[in-house]
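Below: one structure, written as structure tokens.
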Amino acid sequence: MHTDDSILVDGFKHIKYHQHNFSENEMRVNSETYFNNISQRRSVRNFSNKAFSIDIIENLIKTASSAPSGANKQPWTFCVVKNAKIKKRIREAAEEEERKSYSERMNDEWLNDLKHLGTDANKPFLEIAPYLIVVFKKPFEYDKQGNKHQNYYVNESVGLACGFLISAIHNAGLVTLTHTPSPMRFLEKILNRPDNERAFLLLPVGYASEDAYVPDIQKKNLNEVMKIYE
Ligand code: IYR
């Protein structure tokens, strides 16, 4: 059984896609408006502890989880940490790894490349931000019988979902930064994740503190990043 708005392709139901009918000028305005909004996004490291309702976080994660993924497997889990004790454990473990990274693991060129950003091994935002979203990738899945099944383009898929998430956070009027303590295995242990999940990215989410500063950095010009083949 199918209605006028659906067809069968190899026995699978496909539903009619409804294209938005914007004029070229509306598309120009829409694309410019979106750029003007998203280009205001900054990675913010100074957070306020001001609380907000978790239903906003739920909307952000629904947005992230709407991203495209290999074979639509959606190979991700978003863990939301609100609990102060767990945030403290994450901060302590992250700072321990970061101290090793800054003092031993990162070479001189890397340390030099980071200097203008003003980062160091201290990560107070991991306790101050009202929520931490810890994103896990799932290289494979278990079914109900415990059999393993593969996922596809897992890093690309989870990276895309994180991009959606970061833009949704900004659009909501909140701030974040992409924190990647390395190695990140401690997050799997603290959050008690199953053995098919690997920590991918940690995003503190909240309001910027009133005295937040960000480095004065610029994005590349369009002609440096875009090449047109006519
Ligand atoms: N993960 C470390 C170091 C760091 C690395 C890069 I590449 C950055 O763009 C920023 C920081 C940290 O979070 O401090």
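Throughout, read-outs are computed from the coordinates displayed, never taken from laboratory work. Small disclaimer: the values here were computed from a predicted structure and weren't measured. With ideal geometry, Cβ positions are generated from the backbone for all residues, glycine too; neighbour counts draw on all protein chains shown.
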Among GluC sites (Glu not before Pro) in region 88-161, those in a DSSP loop whose Cβ has at most 13 other Cβ atoms within 10 Å are none
The farthest towards the positive end of the charge dipole of region 43-211, of the residues G70, L117, G146, given +1 on Cβ of Lys and Arg and -1 on Cβ of Asp and Glu, is G146
Per its Cα gyration tensor (rounded if a/c is under 1.5, else prolate when a/b beats b/c, else oblate), the chain is best filed as oblate
The rounded separation in angstrom of the Cα centers of region 192-217 and region 140-167 is 20 Å
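What ranking, highest mean first, results for peptides 45-51, 65-71 when packing means the other Cβ atoms within 10 Å averaged over each residue?
45-51, 65-71
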Relative contact order as a percentage, region 43-211, C-alpha pairs under 8 Å and 6+ apart, gives 39 percent
Taking a crude spin-label model, label points 7 Å out from Cα along the C-beta direction, the K227 to D120 distance in nm is 4.2 nm
Under the 7 Å Cα-to-Cβ spin-label approximation, H149 and A212 lie apart by a distance in nanometres of 4.0 nm
